[in-house]
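Below is one structure, written out as structure tokens, with a few remarks after it.
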Amino acid sequence: MKKKAYYTRKLKRATHLLFYRRHQKPGVKGWELKRGLGVDYPKVLKILDSYLEKLDLEVKTVFEGEKPAEKPSREQLDKARFYITLRGSLAPKETKMMGWRIDDIAGLATAISYVTSKKGKAPREEVEDLLRNKLPGWRVDINMNRYIRSGYLAEDGNKQLYLDWRTRAEIDQKTLVELLLSTNSLEKEDYDYEEEISD
Amino acid sequence: MSSKRQRKKIGGEHLQRIIDLCTSIEEKGLDPFLVDVEDILEVVREYFPEWELPEELSLDAETIHRLASVIKLQSDWLKHRSTSLYTDPFLIEEKIRKLTKVELANLFLEVWHPIVEFEQISPHSLTEAIKYWQGLLPIDERWLQTGPQKREAGTVTREELIKQKILAENTFSEDLEAFWDELKEKVGANEKILYWDFVGANSYNETIQRAYLTSFLITYGYATLEIDRLEEEMFIKPYEKPVSMLGKKQVVSIPVSISNEEWMKWKRGLQN
């Protein structure tokens, strides 16, 4: 009973820490969770994750650099960043509620998959050329800036684009590339997305 | 003799061309497999017995160093190709061009797991913000204060420095002794006084100053703290003579919070 009360208290604290934004960027570092929840924070996160599963949410761990192949060490966990993300996927209807248009999402998919295929670094000009193929010219720059502002892409002084922190936290890049390669276009015109989602 | 010099010259030019090729591959991001490592090593090996002077040996070392950088680029390239993330960029580009906007968006939605976060102000931070806002001077007044002021050099007296709080009127020990006398006077025949009754003053700033001096009274052995854990009360008890605690018993530090809320609470208690 005492142990149960202990973890209930820790779970509440973990929920507060992870759901409310504490810094400029969302997410909490492992060492911050250790300070707030104690050394057994990975266990607390595991319990929280199983609670969140019922709500289609999950505790996502983003490691510094490559994801460790085996069980992560304490040090790797302390340096990692933890987020609460959607466990499943969104329906097209829901994206509009989040303020994303079909154009924005298609553009984001294009930019991320292209940069991924170029070893995580590609000139902005090349990505913009590709986007112009699908979006009106005046929207390309606006959309690129939005992806950079949101943290999906980063740009350096030489106008090179990189994948940024939000892409690492939210997007399963491997599956994106696999899906892209396995999807065959039905070669039909883009139908009105607005009509589709209002059905 | 002259044929040896000639050979050295040709060898040097050869190595310089290899260095230039490797540098341009590194800097311009060209395909690292343009360099045939085995061929280059053969050339380096061929001329190596000719080198005698330090600058010749240095050129040889520089060639090996540049070649090593290109080998690293080749290794990185192979590593990336062997990962599951590798796909020919042209293939990806072709796919992107063929798929419609809706198809692209739909497949992206399958791999997109957006972060969930709340941005909500709490009643506590709202109260803090209101307090801050109320205390904030109008911007024109603040800007007036920050403007640079031109001043002529002049002389200043000790009294003026004291008035401006640059110099203290009394030494710290004099202040502390006077404060100790005040404590003894306030305690009178009761032996001790409630901490807040002694430290509390009309303004919050003065209270902080008194708490600061009190901490020195206790540390330097002019007084002691007595804590009643049951009643959750804290008393200050002055000594007749300063007592040094060093080495006599274990000295402990007691943190005492002097927040604005606690000062207000004490003030209200006084008024009631």
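The values are calculated or read from the model by the stated rules, or taken from the named source; none is laboratory data. Note that the structure is predicted; figures quoted are calculated from it, not measured. So basically every Cβ, Gly included, is an ideal-geometry build from the backbone, and we count neighbours across all protein chains shown. What goes into the accessible areas is simple: the full protein's heavy atoms, side chains included, and nothing from ligands, DNA or RNA. Shrake-Rupley method; radii C 1.70, N 1.55, O 1.52, S 1.80 Å.
At-a-glance table
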read-out: DSSP bridge pairs, the protein assembly as shown: antiparallel proportion in percent, nearest 5; value: 95
read-out: Spin-label zone in region A:73-112 - amide nitrogen under 15 Å from a point set 7 Å from the Cα of A:Arg22 along the C-beta vector; value: A:78-84
read-out: Mean ellipticity per residue at 222 nm, deg cm²/dmol - from DSSP H runs of n ≥ 4 across the protein assembly as shown, formula -39500 (n - 2.57); value: -18000 deg cm²/dmol
read-out: Using θ = phi - 60° and Karplus 6.51 cos²θ - 1.76 cosθ + 1.60, couplings along region A:149-163 (whole Hz; Gly, Pro as x); value: 4, 6, x, 7, 10, 10, 10, 9, x, 8, 6, 9, 9, 10, 7
read-out: Among the listed pairs A:Lys71/B:Lys98; B:Lys184/B:Lys265; A:Lys10/B:Lys79; A:Lys4/A:Lys29, those beyond 32 Å (Cα-Cα); value: A:Lys71/B:Lys98; A:Lys10/B:Lys79
read-out: Degrees separating the helix B:172-187 axis from the principal Cα axis of chain B, which is the longest one; value: 50
read-out: Shape of region A:102-190, Cα gyration tensor, a/c cut at 1.5; value: oblate
read-out: Cross-link reach list, aspartates and glutamates versus B:Lys192, counting only Cα pairs under 20 Å and skipping chain neighbours closer than eight places; value: B:Glu177, B:Asp181, B:Glu182, B:Glu226, B:Asp228, B:Glu231, B:Glu232, B:Glu233, B:Glu240
read-out: The protein assembly as shown - convex hull of the alpha-carbon atoms, volume per residue in Å³; value: 397
read-out: Solvent-accessible surface ranking, highest first, for B:Ile121, B:Ile25 at 1.4 angstrom; value: B:Ile121, B:Ile25
read-out: Solvent-accessible surface (1.4 angstrom probe) belonging to B:Phe118, in square angstrom, nearest 10; value: 90
read-out: By average C-beta atoms within 10 angstrom, highest first, the peptides B:54-61, B:13-20; value: B:13-20, B:54-61
read-out: Over 23 Å between alpha carbons, listed pairs A:Lys67/A:Lys121; A:Lys54/A:Lys79; A:Lys93/A:Lys159; A:Lys79/A:Lys159; value: A:Lys54/A:Lys79; A:Lys93/A:Lys159; A:Lys79/A:Lys159
read-out: Surface accessible to a 1.4 Å probe, A:Tyr20 within the full protein complex, Å²; value: 80
read-out: Between 0 and 90°, nearest 10: helix B:123-135 axis offset from chain B longest Cα axis; value: 70
read-out: Distance from region A:137-151 to region B:35-70 (C-alpha centre basis), Å; value: 48
read-out: Separation between Cα centres of region B:87-129 and region A:3-35, rounded to whole Å; value: 24
read-out: Mean Cβ neighbour count within 10 Å, used as a protection proxy, ranking B:182-195, A:160-173 highest first; value: A:160-173, B:182-195
read-out: Packing-based ranking, highest mean first, of B:205-217, B:30-42 given that Cβ atoms within 10 Å are counted; value: B:205-217, B:30-42
read-out: Difference of contour (0.36 nm per residue) and Cα-Cα distance, B:Gln164 to B:Glu55; value: 32.3 nm
read-out: Crossing angle, helix A:102-117 versus chain A [Cα axis fit, 0-90 degrees, rounded to tens]; value: 80
